[in-house]
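Undergrad: Shown below is the structure under consideration.
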Amino acid sequence: LAKRSFNDIVVALDCSNGSASTIAKGVFDALGAKTYVINADPDGTNINNNCGSTHIEGLQNYVKECKADIGFAFDGDADRCLAVDGDGNIVDGDVLIAIAAMDMKKRGELKNNTAVVTVMTNMGFWKFAAGNGIEVKKTAVGDRYVLEEMLKNDYSIGGEQSGHIIFREFATTGDGELTGVQILAAMKREGKTLRRLAEIMKIYPQTLKNVVVTPEGKAAYADDGEIKNVIESVEKELGGDGRVLVRLSGTEPKIRVMLEGTDLGVIEKLADKIVDKIKERLL
């Protein structure tokens, strides 16, 4: 990017009192943006403390307060980035990947015409990709699995809803500031606000419920026919307008139940149906 590329763009940053605190403002200033920063005063104990990408409401308010065109929220080690548009609306990792992938496709830089995402990625991403001729590869949750797939098959972009986004042309891990710069570049090339760019993808309502189970219950889950039957019945009820993902946590004694669909009230009830059956059978 040419120096001063982002003249006349007002950017707000939430550095989460972490590693972005010392460099993020300098990066965006050097590219010409008018940059405002919050939570850039680390004291060794306040990292991620009610700030950054895990507490993005602070940035939502700050964007409106300083009349910024866009805001970026990083986490403590700055490998994640979520965005806020000029009206204070959150733009999550799924949508940022969609924006970046479409921008790369238009410029002929989307390797093998493919984006890599995880099983938790919103179903709206698949619909966006299908509508724009982009292939999608799906991995387990975790940016390490995303990177493995990217390296294995030479893909150029991948990431997670949480904001871990890998631009492999530049790095082999998420880099929040890099993500922010790439999104600003897409805005400039398209001549659109982030809110307009985010319209590229419809986000389907999503609910996630965690069921705490014993180690024995976790082990018995895979072979329980009654739970399997309930999941299958819910999938049939949703049809092509939703999906069900029930998976074991890799790190905790939990079973995670995620549903997506067109109506939040409906998927909440259907998720509870699965959760109730898991509790009945495994607790």
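Undergrad: Just one of (1) open to solvent by 20 Å² or more (accessible area, probe 1.4 Å); (2) modelled with pLDDT of 95 or more; (3) not aromatic (Phe, Trp, Tyr) trips up residue 140, so point out which.
TA: Every listed condition holds for residue 140 apart from (2).
Undergrad: Answer yes or no as to whether residue 196 is within 30 Å of residue 253 (Cα to Cα), in a helix (DSSP H, G or I) and open to solvent by 70 Å² or more (accessible area, probe 1.4 Å).
TA: It is false that residue 196 is within 30 Å of residue 253 (Cα to Cα), in a helix (DSSP H, G or I) and open to solvent by 70 Å² or more (accessible area, probe 1.4 Å).
Undergrad: Now for a separate question. For region 257-272, check the following and say yes or no: at least one residue is open to solvent by 50 Å² or more (accessible area, probe 1.4 Å), in a loop (DSSP other than H, G, I, E, B), within 21 Å of residue 121 (Cβ to Cβ) and without any contact (Cβ under 8 Å) to a residue 60 or more places away in the chain.
TA: Within region 257-272 (the criterion being open to solvent by 50 Å² or more (accessible area, probe 1.4 Å), in a loop (DSSP other than H, G, I, E, B), within 21 Å of residue 121 (Cβ to Cβ) and without any contact (Cβ under 8 Å) to a residue 60 or more places away in the chain), the answer is yes, since at least one residue qualifies.
Undergrad: Another one. Look through region 220-239, keep the residues that are out of contact with any strand residue (DSSP E or B) (no Cβ under 6 Å at 6 or more places or on another chain), of a type outside the set (A, V, I, L, M, F, W, C) and open to solvent by 70 Å² or more (accessible area, probe 1.4 Å), and return whichever of them is nearest to residue 265 (Cα to Cα).
TA: Checking each candidate, the answer is 237.
Undergrad: Answer yes or no as to whether residue 242 is in contact with a helix residue (DSSP H, G or I) (Cβ under 8 Å, 6 or more places away or on another chain), modelled with pLDDT of 95 or more and either small (Gly, Ala, Ser) or crowded, with 18+ Cβ neighbours inside 10 Å (or both).
TA: no
Undergrad: Now, a different point. Filter region 1-50 for residues that are touching a residue at least 60 places away in the same chain (Cβ under 8 Å), touching a strand residue (DSSP E or B) at 6+ places or on another chain (Cβ under 9 Å) and of a type in the set (Ser, Thr, Tyr) and give the result.
TA: Residue satisfying the conditions is 16 alone.
The values are calculated or read from the model by the stated rules, or taken from the named source; none is laboratory data. Nothing here was measured: the structure is a model prediction, and the numbers come from that model. Neighbour counts are summed over all protein chains in view; Cβ atoms, including those assigned to glycine, are modelled from backbone coordinates with ideal geometry. Heads up: the accessible areas ignore ligands, DNA and RNA and are worked out on the full protein's heavy atoms, side chains in. Shrake-Rupley method; radii C 1.70, N 1.55, O 1.52, S 1.80 Å.
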